[in-house]
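First the structure, in the form of structure tokens, and then the observations on it.
The values are calculated or read from the model by the stated rules, or taken from the named source; none is laboratory data. Since we're looking at a predicted model, the values are computed, not measured. Backbone-built Cβ (ideal geometry, glycine too); neighbour counts: all protein chains shown. Protein only, heavy atoms only, side chains kept; ligands, DNA and RNA dropped before computing areas. Shrake-Rupley method; radii C 1.70, N 1.55, O 1.52, S 1.80 Å.
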Amino acid sequence: MTESEANAAFEGNDFSGEVKPGSTGLVLEGGGLRGIYTAGVLDVLGENGVSFDGVVGVSAGAVHAVSFLAHQYGRNLRFYLAYSPSGKFMGVRSWLKTGDFINYQFCYEEIPQHLVPFDFDALEASQVPLYLVCTDVETGKPYYHRTRTIRGDQMQALRATASLPIVSRIVEFNDHKLLDGGTSDSIPVSFLRSLGYTRTVVVVTQVAGYRKKREMPPFFKWMYRKYPAYVECMETRYKRYNETLDLIESLEESGEIFVFRPSRKVHIGRLERDTTRILEMYELGRKDARDRLEALKSFLGT
């Protein structure tokens, strides 16, 4: 997505004029359990006092963003290690019973409210705008939702951005039918820069040089036959993703953005349940963040 396309996409959401010149922004890609790399990066940044004026998260990136903004470093690793192998967290039984492979009630109610409590007050006190990226299945376009809380109905927006197609039910929120934001705008660097966040840090979850291949599950067209725009969005996803990676590399080379990416390949699935691999990916994020912390501070002028 180009910056002009990003501007057009959020025209209807009242975001214009709210960002001060020189503001710092953070862009967080998703990737399912691969996104635990992002949690490792963010935990090191938070522990070292690095903050941002605005954050945009997609799917798992949004899940990690809320713990970062609530200053609950290490929280996401704790619940992934404790519960991702469990059928209560995700699995075929949940998929067949509820329509969601990742169990909504367990992940978005039991964990944050009871098992690994989320500090809702701390997130709201941060006052940092959080932009959640979803995909509107009726239009096939990104839906950008700004929030400062995930309390109450706002949790549905967080759920929507992380609701992977095929294995998740469509989430209805603010009169939109929504699924995973990664389908339409996987790495929303153009979106955040177009808002005015001129100093931008990006965390991607694939290694340097990665490019997405064309992918279309054979039954996707049938499953979403009522939403042809969404089917087209999925068919062209790889093109947008690769164009965004080209843009990121160009901006990084010119010194306009700062990028964290895995320094080596870790074999971890989007729905990974092996805690050894999850921990390896998290620790890689921490290492990469520590190794580049001083360079980041120089970029941010701190």
message: Tell me which helices (runs of 4 or more DSSP H) are completely within the stretch 216-273 and hold 2 or more residues being touching a Phe, Trp or Tyr at 6+ places or on another chain (Cβ under 7 Å), or say none if there are none.
response: 228-235
- prompt: Taking the stretch 83-93 as the search range and keeping residues that are open to solvent by 60 Å² or more (accessible area, probe 1.4 Å) and in contact (Cβ under 8 Å) with a residue 12 or more places away in the chain, which one is nearest to residue 179 (Cα to Cα)?
  reply: 88
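Rundown of residues vs (1) under 19 Å from residue 23 (Cβ atoms); (2) in contact with a Phe, Trp or Tyr (Cβ under 8 Å, 6 or more places away or on another chain); (3) not in a loop (DSSP other than H, G, I, E, B), yes/no style:
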residue: 109; (1), (2), (3): no, no, yes
residue: 128; (1), (2), (3): yes, yes, no
residue: 153; (1), (2), (3): no, yes, yes
residue: 166; (1), (2), (3): no, yes, no
residue: 178; (1), (2), (3): no, yes, yes
residue: 191; (1), (2), (3): yes, yes, yes
residue: 207; (1), (2), (3): no, no, no
query: Pairs under 9 Å by beta carbon, first residue in contact (Cβ under 8 Å) with a residue 40 or more places away in the chain and of a type in the set (Asp, Glu) in the stretch 256-272, partner in a strand (DSSP E or B) and open to solvent by less than 20 Å² (accessible area, probe 1.4 Å), six or more apart or different chains?
result: 256/200
- request: Check off (1) among the basic types (Lys, Arg); (2) within 30 Å of residue 53 (Cα to Cα); (3) in contact with a helix residue (DSSP H, G or I) (Cβ under 8 Å, 6 or more places away or on another chain) for residue 221 and give me the number that stays unchecked.
  value: (2)
field: Selected residue [surrounded by fewer than 21 Cβ atoms within 10 Å (Cβ to Cβ) and modelled with pLDDT under 90] from 22, 46, 74
entry: 22
- prompt: Can you find even one residue in the stretch 94-102 that is exposed (fewer than 15 other Cβ atoms within 10 Å of the Cβ), in contact (Cβ under 8 Å) with a residue 40 or more places away in the chain and not polar (S, T, N, Q)?
  reply: yes
query: Restricting attention to the stretch 121-172, which residues are within 24 Å of residue 98 (Cβ to Cβ), without any contact (Cβ under 8 Å) to a residue 60 or more places away in the chain and open to solvent by 20 Å² or more (accessible area, probe 1.4 Å)?
result: 143, 151, 152, 153, 154, 156, 159, 166, 170, 172
